[in-house]
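Here the structure is laid out as structure tokens; the discussion comes afterwards.
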Amino acid sequence: MNGLYEDINGDGMCDINDVSTYFSNLEWIPAHENSRIFDYNKNGQIEFDDIVMLSLQSGSED
Ligand SMILES: [Ca+2]
Ligand SMILES: [Ca+2]
């Protein structure tokens with residue numbers, strides 16, 4: 001919706017399952033060539049703060 005990739009597991013919704021999937025792939029995502037689309041707070045790093053951002057986004061969708 002804002003150029004960032006929020007539907008991590010590709011089920012068409014942004015919810016707690018995506019937060020969980022992001023956490024599970026925290027070590028894989030930085031190796032991905034498009035990792036910046038997962039950098040929700042745009043500080044150049046894939047980290048726990050990005051999970052928090054995703055969590056807040058998914059919570060406001062309902
Ligand atoms: Ca999803
Ligand atoms: Ca970040």
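Put a plus charge on the Cβ of each Lys and Arg, a minus charge on the Cβ of each Asp and Glu, and nothing anywhere else: the dipole of the chain about its Cα centre is then about 200 debye.
Against the chain, whose longest principal axis is taken from its Cα atoms, helix 48-59 shows a tilt of about 20°. Shape analysis of region 16-59 places it in the oblate category; the axes a ≥ b ≥ c from the Cα gyration tensor give an a/c of at least 1.5, with a/b not above b/c. Once the chain from Ile37 to Thr21 is taken as fully extended at 0.36 nm per residue, the excess over their C-alpha distance is 4.3 nm.
Within region 4-48, which chymotrypsin sites (Phe, Trp or Tyr not before Pro) sit in a loop by DSSP and count at most 12 neighbouring Cβ atoms inside 10 Å? Display every interim value, and only then the final one.
Numbers: sites: Tyr5, Tyr22, Phe23, Trp28, Phe38, Tyr40, Phe48; in loops: Tyr5, Trp28, Tyr40.
Filter output for region 4-48: Trp28.
Here, each number is a calculation from the coordinates, and none is a lab measurement. As the structure is a computational prediction, the values presented were derived from the model and not from experiment. Cβ coordinates were reconstructed from backbone atoms using ideal geometry, including for glycine residues, and neighbour counts include every protein chain displayed.
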